[in-house]
Structures are given as structure tokens and as C-alpha cells.
Amino acid sequence: MTDWRRIFSLREAGVYYALLLLLGVLAALAAARGLPLYLSGQNLGNIAYQASLVGIMGVAMTVMLITGAFDLSVASVAALAAAVLVGLAGQIGFVPAAFAALAVAATIGLINGAIVQFVGINAFIVTLGTLTAVRGLVLILTDGRSLMVEQPQVLAQMLAFESTRVPLFWPLLALGAALVVLGLAKRRPFVAVGGAVLGALALVAGAGFNVAAPVVYLAGFTALLWFVLGFTVIGRRLYAVGGNPEAARLSGINVHAYRLGAFVLSSVAAGFAGVLFGCRLGAINPTALQGTELTVIAAAILGGTSLFGGAGSVVKTVVGALLLFTLTNGFNILNLGANYQGLIEGIVVVAAAAIYTLGAERRRARPAASEPTPVEVAA
Amino acid sequence: MVTLRLEGIAKTFPNGTVALSGVDLVLAPGRVHGLLGANGAGKSTLIKILAGALAPTAGTIRRDDAVVRWSSPRGAKAAGVATIYQHIPLVPTLSALENILLDEGGWRRRRADARARIAALVASLGNPFPLDTPVGDLPIGARQMVAITQALASGAEVVVMDEPTASLAGHERARVYETIRRLAAEGKAVLFVSHFIDEIMALTDEVTVLRDGRTVLHAETAGLEPQAIAAAIAGRSVTALERPAVARTPGAPVLELRDVASPGKLAPTSLTLRAGEVLGLAGTLGSGRSELLHAIFGADPAATGAVLLDGAPVGRWPDEAVAAGIALVPEDRARQGYVPLLTLAENIALPRPTGLLLDAEADRVAADAAIARLAIKAPGADALPGELSGGNAQKVVIAKWLAPTTRVLLLDEPTAGIDIGARTDILRLVRSLADDGLPVILVSSEFEELLAICDRLLVLRDGAVIGEADPATSTESDLILMTGGGAPLGAAA
């Protein structure tokens, strides 16, 4: 039996409504001011491109939060990966340098996870420490100056990796149709509606619709983790580890391994985002991406991920990231005064959290015949 | 000098559970009143009413001659009633002195006169503890003293102690007894709740035994035999299970423990479990029964010794134990048993190594089968375990392990806090699993259950196996006396 009202409730689907509402409002405002069409393929592609790095880190952060841990160090790790890439690419070539950057990132994830799991320090504190320490490492590596890739052909390779345009009209249309069919067949209304939205988006954007490569990387990474979380035993066990670690442990699940894996995944995703960032300009400034970790966490919270673990969706996190960058994009395009941007974004995040929390309380209040607590029965 | 009289106290919970149906109790100055009862008899509810955590649905409380009512812990305190719980709610990061003064008014944090007053009080109790040490650094016995001092500092005339000795070692217990005697000598009225009959015999002036929310025994301790108390606690048999007339013959040895121990919690224990055998562990909370199960399951990192399954050693982590086929149904189903945000089907499939991809269809079929087999009352396999009643949630936790890969089943209090129908279902299931050849270790505070379905019984107390009882010839009273220390060991064997 499918509970339609729950599936389309504000709590479950609010982030989708918010994004659609915001796009509608911005489109109307743009039209009223006589600006070029807001909902153009180019502008939508731009929003997705701007959201891609935060999205990639946010998706991994969602897995992290699902297991009940926390990673503040992602932006520093991304900057370090970018520094390693830019620093090495000239000598050893782009691909080996990119792998070196990912390996460095994975090592930091392993260090984070090992300290949290085996020393038992709170993840917030450990990653606050690595946030600072890794940023310091970036400063040491770059000696406080901007680095850049000097070799033209390596630079060309890097730019190609980051800024190739990928035509998306037909793939998007096909994917939308496939999702509609799948959703109807499996009676998963959300999949069907999502497919219809994707298809409509492709039609709105037009046959020439194309996006930069990072958007495709983000989509692929999200699809992979969506599959792992929803359709594999690993995914179910990740939710169990965050939802009730003691029950998971006593069910024979290696809680340490799953948490450690989440830390490594988070850092590797941050490393990949850093590689993309380094490729964007072929250069790295030691203060790059400072503060981005908070945007990443905000995206996950907008997507309804619980900070207490056990619940969360990578797709909604991506939508949360899109929502944040749509706000930024709207402020720029409509020239609404960048000074208001931070205020509005902050209010949106807190309002979203309030909706999720209040919705959860109402849901909890509903089942009347809940378990008679041991307090009442055992004397 | 205050006398507290409880007259006809009754408590019915909104869900229909009747916890107390008319209990009378007199707490007189200078006397220690012992309160006993099996799990579910209503002791905790009565204590909560005295402490103001629950309001009675009927009955009156008189303080001397005036009728008093209170509906909050603050009200109870104002009436001079202080409750000291088994798990002492103190702030671990504050010093003992500050914990004692926590509910004092005023604005100054350090006051010499308050300190002098508390120091004098502590000295008069005879069990000094350092006033300036953070409570988290004090041994548990000293924390108990902090709680008692806190109660007295707020002017308590009636002191309610809920199993104050359950978590204490022998010499610490002696100190608590000493303090209780001093309190009585000073004219305080003391209600002392315990599972240990020998304590009750040694310490109290009068005894009340509750069963099913009623007073079934009230007498002066001096004229009582321990056996009479045990018989009153046990009462009639509620289990609808009858022991079969013929003894079953267990099969080949399956599980062997060699000197399994856990420092400070469990003395070295060796035993052999045979196919089709139900081994019962009888003991009170803290006797080492759960600790033994956790040590077998690898869930206690400090545990030592060897666990052998079919002669092959089992790894010392839960995932290795599960892979070998050992299953544990833990004591606290909400905290340790299920994941609240996963559906029944997902919870049931959790321990099974089903490869990489989820097979939602197979999980659902398995869950439906388990729901049918265990008669779980649930809206469907998609329900969340928190939406079910306690008995049904417990069945879900058991269903996690009903796979052919399970070779040994460890059950820790599987029937705690659940209704009699579900309890009977679970015990029948355990018996039928054993009859199909599965060896089971069953921990229960409900000794009648152990007597009804176990082939062999071990008695634990203070972290060690202290004897064996024959379930065919023992009575519940025998077990209460053995676990509560009221009879020479082995008397019932």
C-alpha cells in the first residue's frame, strides 16, 4: 500500500517544492523586469555547474551523516587535493597527479575515521582539527602563494576534463522516460514524477541543451550512491549503523568498518571536488574554498538529512545544493543586492530544519498504541 | 518525625495496564520497611508515585494526619519524601558538595556555612567521602552516599531507596546498611526496596510483598522465614506452559565455553551446551547473566577465555560470532534490538549476509513468513518497529535470527515487560526451536518461565555461577532463595 499523502507531504518532499517555487518566483521576477528568459537551458545548466562541487561533497556528506558521524574538513581536503594536483601535474602529468590528489584525500579520511572510531573523540572535534591542520598543510605546500600549471598541454588536458560541454537533451529525455516507466511499473510515485520533471526540463531547455562535465560527474556520483543506499545490503547497513549503532553491532555489523568507510568516502569525494576545482583554472589559491564545508552541510540539512544519523537521501541533498545555488544565481541575475544573500540563505536553512523537526514530531505523536515503556510495565 | 501512610493507592495506565490496585503501606519514623516483589509486581510504579514522577489514579497519602498530594518531584521533596534510585541521577562533572546543594536557593556558589552544614551531615552519617571530588570520579558506593546526603540535606523525613545495593560490591553494601541503620536511629522512615531476601531479613523491621499490584504479605520481619517471603513473591503460576513429564535427552555438544570471563563483571565460567538443550541462567540484575551472554557473543571487548562452536574457536567480535551462527536477542529491545527508522522487513533481514544487492522481494517474503510464524500483530512488513507493542517488537527482534544459519540462540530477558499472550508465544517458540535441535541459552527474571522450559538451570550471583538447579524438582521459591542468597547454596539442587 502506498501512502501518497506521506510521500508528497511537506516533510518528505518539501525541498522539491521549495526549489520549484523559487525557480518560479525568480522566473516571474526576471520576466517582470524585462530580463532575458530565466528558465533557459543555459541558465539552468549554469546553476547546476555552480552547485556541482558542493553537490559532490554534499552527497558524500549525506552518507557520512547517515552513519551518524560528521565531517567538517571537506573543504580543506578539497583545497589540499587541488594543491597536490596543481603542484604535481606539471611534473608527472594530469592523470597521475589527479590520482595522487585522491590518494592524499583518502589518507586524510582514514586518519579522521581512525581517530574518531579508535580513539573515540567526537567527530566534530576531530574534523574541526583537521579542517585547520589541513588548511595549514595547503599553506605550507603552496608557501602561501597561488600555484599554477605552467605546461600548456597539461593545462589543456585539465581544462578539457573540467569544462567539456556534454550534450544532455536526448539523454535527459530518455532518462526521464525511463524513470516514468520504472516508477509506474514499481508503483514508486516519486520516481515517476522525478522522471516527468526531468523530461519537462529537457523540453524547456531545448534540443541544444548541454552542461559542463562536473554536472555529469555529480549526476553519476549521485546515481551511484543512490543505488548503493537504496538497493544494496551495504546501504541498509549504513542506515542501521546510524539509526541504532548498538543494535547494528549486535546484529553482527562491523560498525567500525562502515564508519571508517564513510570518512574515506567523504574525503575522496572532497578530493575529487578539489581536482575539479584545480582543473577549472589550472591554478590554486591557498585560501580557496574556505568556508565551503558549511555550504555542504547546509545542502544536506536542506535535503532533510538528520544530524542524528539513520536518515537521509542523496538526491534530496543535491536538490538542497541546487536550491542554495539558485538563490545565489537569482541574486546575481536580478541584481537584488548581494548583501541580503547571506541573510536569506540562513533563514532558508533554519526554516527547512524547522519544517523537518516539526513534521517529525507530528509523525511521532500519531501512533497511539506505542510500546508500553519498561517504565510502566516492569516494576 | 513523620509518618507517611499510603491508603488504597491504585494506578491504571492510559493503555489499560493495571500496575497497582489498592496498596496500603505505612512508613513510620525509626523503622526500615522492606518492599519486595517480582518484576511487574508494581514496585517501580509505587516508588514513582512516592517520588512524584507519576500520579496515582486512586487512593490517598497521609503525612501524619493530613492528606497530601503531589504531582511533581518538587512536591514530593517539599513534603519531605526523598527517593534514591538505583541509577543515581547526579551531575558527574560537579563536585559532591555542589551536587548535594544543587536544589538550594540563593545566588552564591560557594558558601562556607553551607559547606560546614553538609560536612557535619556527612560526618554524622559515618561514611565520609571527599566533598570536592567530581562525582564522576567517585566510586559507585560513594555516589550512593552523595545521593543519600542530598536527600537528607533537603530535609527529607522519609527516604525511599530503590535497590540501592544492586550495583554495589560486598563491602560497599555493608556501608549502605550501616547508613540506613543510622537513618532509622535518627527517626527517619525508610522504605528499602531489594531483590535480595537476605538483605531484607537482616536490615528491615517490617516487610511488604507486592504481587500483581496488590499487597500479598505484610508482617514484622522478626517473625518471618525467608521461605515465606519467597513463596509470597512467587505466588501462582501464570505461564500456560507445562513441563513435559519425561525429561528430554539433549544431543551432541555444540557450544563450549572455556574460562570465559570479564574483569569485574564475570568470574571465569566454563560450560557445555548440547544440541536441543535449553539452558537457563537464573539471577538478578547485575548477577552476570547478561554479561555472560555478551561475552559469548563477542560483544564485550574486555572478555577473555575461549568460545568453541563444534570444537572450532569463534572470533571475539559480534560480526564473527554472527558469521559462525551465534545469535543474541539483547535485553533492551529499543536500545539494542532494532533500528527504529528501518521497517520490519529491513530489521529482520539486517543480520543476514545476503550478498551485495538487496532482494526486497525475498526480504518481504521472509518477513511475512516471520510475521505469520510468530503471530506478530503488525500492519505489515513495512511498519516501523516503534509502532508495535512491546511484545510484538520483541518478536521482531527474535525473528531477525530465525534463519537456518543460526546455530546457537542466546536470549536475554526475551519476555521482559510484555503481555502474557506474547510471552507464551515466545516461550513456545523457544521450546519448539530447541525440540528441532537448536541449543538455546535463556536469561530471565521470571523464574517460573525458566522452570517451565529449561532442561538445565545455572544460578548466578555477583558475577559468578554459584550453583546448578534441577528445573524438574526446583520451585520458584528455591530459585528466589538461591539468587537472593536466603538459603544455603545447593539446597534446591
statement: Residue pairs within 7 Å by beta carbon, gap of at least six or interchain, first lying in segment B:47-66 and farther than 17 Å from B:ALA28 by Cα, second among the basic types (Lys, Arg) and crowded, with 20+ Cβ neighbours inside 10 Å, listed first then second, are B:ILE49/B:LYS11; B:LEU54/B:LYS11; B:LEU54/B:LYS48; B:PRO56/B:LYS11; B:THR57/B:LYS11
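Residues are listed down the side, and each one gets a yes or a no for (1) more than 28 Å from B:GLU104 (Cα to Cα); (2) surrounded by fewer than 16 Cβ atoms within 10 Å (Cβ to Cβ):
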| position | (1), (2) |
| --- | --- |
| B:ALA10 | yes, no |
| B:LEU20 | yes, no |
| B:GLY30 | no, yes |
| B:ALA41 | yes, no |
| B:ILE49 | no, no |
| B:THR60 | yes, yes |
| B:ALA66 | no, yes |
| B:SER71 | no, yes |
| B:GLY75 | no, yes |
query: Which of the residues spanning segment B:19-58 are assigned to a strand (DSSP E or B) and either out of contact with any strand residue (DSSP E or B) (no Cβ under 7 Å at 6 or more places or on another chain) or more than 12 Å from chain A (Cβ to nearest Cβ) (or both)?
result: B:SER21, B:GLY22, B:ASP24, B:LEU25, B:VAL26, B:LEU27, B:VAL32, B:HIS33, B:GLY34, B:ALA58
message: Just to check your reading of the model, which residue among B:ASP368, B:ASP359, B:ASP455 is under 24 Å from the mean Cα position of the chain (by Cα), not assigned by TED's automatic domain parsing to the domain that holds B:ASN15 and not hydrophobic (A, V, I, L, M, F, W, C)?
response: B:ASP455
query: How do the pairs read when you match residues in segment B:6-22 that are over 28 Å from B:ALA66 (Cβ atoms) with residues anywhere that are of a type in the set (Ser, Thr, Tyr) and surrounded by 15 or more Cβ atoms within 10 Å (Cβ to Cβ), using Cβ under 8 Å and keeping only pairs 6 or more apart or on different chains?
result: B:VAL18/B:THR12
statement: Here the residues within segment B:321-359 that are basic (Lys, Arg) and surrounded by fewer than 17 Cβ atoms within 10 Å (Cβ to Cβ) are B:ARG335
query: Could we say that B:GLU291 is modelled with pLDDT of 90 or more and among the charged types (D, E, K, R) here?
result: yes
Flag for B:PRO318 being more than 20 Å from B:LEU427 (Cα to Cα), surrounded by 24 or more Cβ atoms within 10 Å (Cβ to Cβ), free of Cβ contacts under 8 Å to residues at least 24 places away in the same chain and assigned by TED's automatic domain parsing to the domain that holds B:LEU257: yes
query: Which one is farthest from the other protein chains (Cβ to nearest Cβ), of the residues in segment B:3-18 that are over 14 Å from B:SER44 (Cβ atoms) and not in a strand (DSSP E or B)?
result: B:THR3
- prompt: Among the helices (runs of 4 or more DSSP H) contained in segment A:1-81, which hold 2 or more residues that are more than 14 Å from chain B (Cβ to nearest Cβ) and buried (at least 19 other Cβ atoms within 10 Å of the Cβ)?
  reply: A:10-32, A:41-66
task: Starting from residues that are surrounded by fewer than 15 Cβ atoms within 10 Å (Cβ to Cβ) and part of a loop (DSSP other than H, G, I, E, B), keep the ones in segment B:300-309 and report whichever is farthest from the other protein chains (Cβ to nearest Cβ).
output: B:ALA302
- request: Provide a single number: the residues in segment B:414-433 that are part of a loop (DSSP other than H, G, I, E, B) and among the charged types (D, E, K, R).
  value: 1
- prompt: Scanning segment B:416-445 for residues that are modelled with pLDDT of 85 or more, over 26 Å from B:VAL365 (Cβ atoms) and under 20 Å from the mean Cα position of the chain (by Cα), which turns out nearest to the other protein chains (Cβ to nearest Cβ)?
  reply: B:SER444
statement: Of the residues in segment A:236-264, those that are touching a residue at least 24 places away in the same chain (Cβ under 8 Å) and not in a helix (DSSP H, G or I) come to A:ASN244
message: Only one of A:THR130, A:THR164 is hydroxyl-bearing (Ser, Thr, Tyr) and surrounded by 15 or more Cβ atoms within 10 Å (Cβ to Cβ). Can you tell me which?
response: A:THR130
- prompt: Within segment B:348-391, can you find the residues that are closer than 19 Å to B:ASP332 by Cβ, part of a loop (DSSP other than H, G, I, E, B) and not aliphatic (A, V, I, L, M)?
  reply: B:PRO351, B:SER389
statement: Of the residues in segment A:218-247, those that are at the interface with chain B (Cβ under 7 Å from one of its Cβ atoms) and either closer than 20 Å to B:GLY298 by Cα or charged (D, E, K, R) (or both) come to A:ARG236, A:ALA240, A:ASN244, A:GLU246, A:ALA247
query: Is it true that some residue in segment B:74-93 is of a type outside the set (Phe, Trp, Tyr), out of contact with any helix residue (DSSP H, G or I) (no Cβ under 7 Å at 6 or more places or on another chain), free of Cβ contacts under 8 Å to residues at least 12 places away in the same chain and under 18 Å from B:GLY155 (Cβ atoms)?
result: yes
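The values are calculated or read from the model by the stated rules, or taken from the named source; none is laboratory data. Because the structure is predicted, anything quoted here is derived from the model rather than measured. All Cβ positions, glycine included, derive from the backbone under ideal geometry; neighbour counts span all protein chains shown.
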